[in-house]
Amino acid sequence: MPEATRSTIDTAEVERFSALAAEWWNPNGKFRPLHKFNPVRLAYVRDQVAARFGRDSHQARPFEGLRILDIGCGGGLLCEPMARLGAEVVGADASETNIEVAKLHAAESGVTIDYRATTAEALADAGEKFDVVLNMEVIEHVSDPQLYITKTSELVKPDGIMFVATINRTLKALGLAIFGAEYVLRWLPRGTHQFSKLVRPEELEQMLSNAGMMITDRTGVTYNPLADRWQRSSDMDVNYMVLTEKRRVA
Amino acid sequence: MGETETATGMHPTLDVLIAGAGYVGLAAAVSLKQARPNLAVAIVDAAPKDAWKRDTRASAVAAAACRMLSQLGCWNEILPEAQPITDMVITDSRTADPVRPVYLTFDGEVAPGEPFAHMVANKVMNGTLRRRAAELGIDIIEGVAVQAFETGIASVTIHLADSTSLNARLLVAADGVNSRLRDMAGIKAVRWEYGQSGIVCTVAHERPHNGRAEEHFLPAGPFAILPLKGNRSSIVWTERTEDAERLVNSDELVFETELEHRFGLQLGELRVEDKPRAWPLGLTLARDFVAPRFALAGDAAHGIHPIAGQGLNLGFKDVAALAETLVEADRLGQDIGALDVLQRYQIWRRFDTVQMGVTTDVLNRLFSNDFGPVRAMRDFGLGLVDRMPRLKSYFIRQASGLEGDMPRLLRGEAI
């Protein structure tokens, strides 16, 4: 942050953001479920990106030269790892507060991320393009899913890829992701997810193909209570991720 | 990430600073750096330069630890100096018994040609790991203690006794059973005292030991003879603490007579090579193995009774699990000092450590006992084990460190 702008910042605001940043990044706090969930989705993203762009995932900074967008980035739990892997990262979130929190934490961690308080629609309309778009756990919260998928697909470069992660609309998801996680285990605040807004894989895939995207991989993610760990699985009844590719028009 | 200067501009920022340049700290640095050359790793040690060269002790290195040392590019250098333990005899007797009935014998191989353990002089182990650390470009700051440290949001600042400071993403404490860093981190440790001390010394004897290790369960506690290179053996001799102090402070003749009384004469005349020392025995377990930007490894996390010879091997298990956890997190772009990453290491190691700590504690209580019925029961038990080849091979594999949810390095694989 340049020296000249420092004096205009309200110290009380900064303190509030620091407290929020500490909360976002506390693995045992309010965002514990996200921290627990992070390794499995990071590994999926890393392996698929490495395969698609011919990178060795065991090398340091394998994503060097790739431009990655994280939509709905929150406190930056996905952006910081992507930046450490060498990518040029844009983190977008509609919440100004989240963006301030994420900026503060990135500065502390010494990683460079371009955080913007904006929406997917605004980015698409500005003509921004990315090699990889991370569209993780957002679609179940938007009012017009097809429009959202169309706009986010526009952000993908030709030959680029987009990951979409969400929750299935099944009775099992109602039991585990809503009743279990929100009411019994209290991992998430009540009302985080509304059953009617959840999206089935076939609906998501239809929306993606309407937007000109091709599905190249899909995986379920399940929780193993004994190991207290999330893992990939063929069971897509609750949490799942879909990988799509934008084919260059011949 | 090794190039950026800290706010104070005094030192470059490190990824990992390890406190303690014993074999645990050295192995941790080598394991990390070998797998992730991009990580900036350094070691700080309070002991004066070259103090490690004066360590006369030896350690039992189990098969799994050998595989790890070989993966780390160290075992070929250690091997010529290592004495394989080719068989192991366990007896239960009163000190004065002229003949000690053998209850348990082990042919000490986990696989054809792979002995379940080797005896290695600590200075050989340390010297080889130091050579490898230098080769990998790991700095060792010697003769400087850690004075204090402060944990921030994204790094930990470590203040050294020479009034310099270092900044790292993670601080690993491998500073031994009385870990000062553990106290500074506010991690409590539970300690059980046995009221016993282990007398450690090296003896030369006339006749060859043929690679045989012996463990005699004498009333005062276990008495172990562990074969070293040549006609020499390492003695680990348990006595009540006041008796142990008296023995190590008595004159050479008295000590050698007492030793011979327990050692027996099957290897001929004995001569004590170094000054015997007594180490109080206890079981120390840290309540937590990790805190934000802080991890314990080796004896700093768990000091166990040396009866089963598992101290080094448990320490290496910590190192292998910690290194694998950190390397995997780094490959995912995660912050390697973050608590959720460190908690994976804690979950991985704590159960195994508690189990091993309790097993050796129970073994010791059971065997340091001259009460008739207890003796009869344990002799019956040992005799039974000796007649059950599958149970015996289970014990052998436990002792070799090849059981449990094994980190890759201990299986001899790269991380």
Q: Please specify each residue of the range A:180-206 satisfying the condition of being small (Gly, Ala, Ser) and at positive phi.
A: A:Gly191
Q: Hey, could you check the range A:44-54 for residues that are free of Cβ contacts under 8 Å to residues at least 60 places away in the same chain and within 12 Å of another protein chain (Cβ to nearest Cβ) and say which is surrounded by the fewest Cβ atoms within 10 Å (Cβ to Cβ)?
A: A:Asp47
(Q) If I filter the range B:42-64 for residues that are modelled with pLDDT under 95, of a type outside the set (Phe, Trp, Tyr) and touching a Phe, Trp or Tyr at 6+ places or on another chain (Cβ under 7 Å), do I get at least one hit? (A) yes
Q. Considering B:Arg287, B:Arg293, B:Arg271, which residue is buried (at least 19 other Cβ atoms within 10 Å of the Cβ) and over 14 Å from the mean Cα position of the chain (by Cα)?
A. B:Arg293
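Rundown of residues vs (1) assigned to a loop (DSSP other than H, G, I, E, B); (2) touching a residue at least 24 places away in the same chain (Cβ under 8 Å); (3) surrounded by fewer than 19 Cβ atoms within 10 Å (Cβ to Cβ), yes/no style:
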{"position": "A:Lys151", "(1), (2), (3)": "no, yes, no"}
{"position": "A:Gly160", "(1), (2), (3)": "no, yes, no"}
{"position": "A:Phe163", "(1), (2), (3)": "no, yes, no"}
{"position": "A:Phe179", "(1), (2), (3)": "no, no, yes"}
{"position": "A:Arg186", "(1), (2), (3)": "yes, no, yes"}
{"position": "A:Met207", "(1), (2), (3)": "no, yes, no"}
{"position": "A:Ile215", "(1), (2), (3)": "no, yes, yes"}
Q: Taking the residues in the range B:318-343 that are under 11 Å from B:Pro292 (Cβ atoms) and part of a helix (DSSP H, G or I) as candidates, determine which candidate is nearest to the other protein chains (Cβ to nearest Cβ).
A: B:Asp340
Q) Which condition number in (1) within 11 Å of another protein chain (Cβ to nearest Cβ); (2) surrounded by fewer than 16 Cβ atoms within 10 Å (Cβ to Cβ) is the one that A:Arg16 fails? A) (1)
(Q) Need pairs with beta-carbon distance below 9 Å; first residue more than 14 Å from chain A (Cβ to nearest Cβ) and within the range B:21-44, second surrounded by fewer than 24 Cβ atoms within 10 Å (Cβ to Cβ) and aromatic (Phe, Trp, Tyr); sequence gap 6+ or separate chains. (A) B:Ala21/B:Trp52; B:Gly22/B:Trp52
Q: Name the strands (runs of 3 or more DSSP E) wholly inside the range B:127-185 in which the number of residues that are assigned by TED's automatic domain parsing to the domain that holds B:Thr56 and closer than 30 Å to B:Leu79 by Cα is 1 or more.
A: B:139-142, B:165-173
Q: Being more than 16 Å from A:Met82 (Cβ to Cβ) and out of contact with any helix residue (DSSP H, G or I) (no Cβ under 6 Å at 6 or more places or on another chain) is the filter; apply it to the range A:27-36 and report the residue that is surrounded by the most Cβ atoms within 10 Å (Cβ to Cβ).
A: A:Lys36
Q | Residue, modelled with the lowest pLDDT, within the range B:178-200, restricted to residues that are surrounded by 19 or more Cβ atoms within 10 Å (Cβ to Cβ) and closer than 30 Å to B:Asn249 by Cβ | A | B:Tyr194
Q: Among what's in the range A:27-42 and is facing chain B (nearest Cβ under 8 Å) and either free of Cβ contacts under 8 Å to residues at least 12 places away in the same chain or in contact with a Ser or Thr (Cβ under 8 Å, 6 or more places away or on another chain) (or both), pick the residue that is farthest from B:Arg331 (Cα to Cα).
A: A:Asn28
**Q.** Of the criteria (1) closer than 25 Å to A:Lys36 by Cβ; (2) away from chain B (no Cβ under 14 Å), which one A:Ala87 fails
**A.** (2)
**Q.** Evaluation of B:Ala51 against (1) surrounded by 15 or more Cβ atoms within 10 Å (Cβ to Cβ); (2) among the small types (Gly, Ala, Ser); (3) more than 14 Å from every other protein chain (Cβ to nearest Cβ) (one fails), failing number
**A.** (1)
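The values are calculated or read from the model by the stated rules, or taken from the named source; none is laboratory data. Keep in mind that what you see is a predicted model, and the values were worked out from it rather than measured. Backbone-built Cβ (ideal geometry, glycine too); neighbour counts: all protein chains shown.
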